[in-house]
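> Next up is a structure, given as structure tokens.
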Amino acid sequence: MSFQSDFQILHGEIKKLGKLDQHNISGSKKFSVLKDQILTVLEASFGKTSREYRIVKLTKSPVTVLKVMNHIVARSATLTCQSIAVNI
């Protein structure tokens, strides 16, 4: 799979997890697994020195990870629109 599709899958999973009760033990276990997968994708896409990678690595909150991922999605959409406009 490509990093983009992996990112989209993980983004959906963290959204689902963010809707769950944060005190749920199984949710916290799932969060740690998702966080590791997200860090792998972010490292491959942006590198370990990127701001996004460092924020996700340091946080223990699914909401913060979701905000970072939403920021990446919004930035990617903006860049895609700009590149389409330039190509026209």
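The values are calculated or read from the model by the stated rules, or taken from the named source; none is laboratory data. What you see is a predicted model; the values in this text were computed from it and never measured. Note: ideal-geometry Cβ built from the backbone for every residue, glycine included; neighbour counts use all protein chains shown.
> Take residues that are at pLDDT below 85 and tell me which of the helices (runs of 4 or more DSSP H) falling wholly in the chain contain 3 or more.
3-19, 25-46, 62-87
> A further question follows. Quick check on the stretch 39-67: of everything there that is hydroxyl-bearing (Ser, Thr, Tyr) and surrounded by 15 or more Cβ atoms within 10 Å (Cβ to Cβ), which residue is nearest to residue 8 (Cα to Cα)?
Ranking the candidates gives 45 first.
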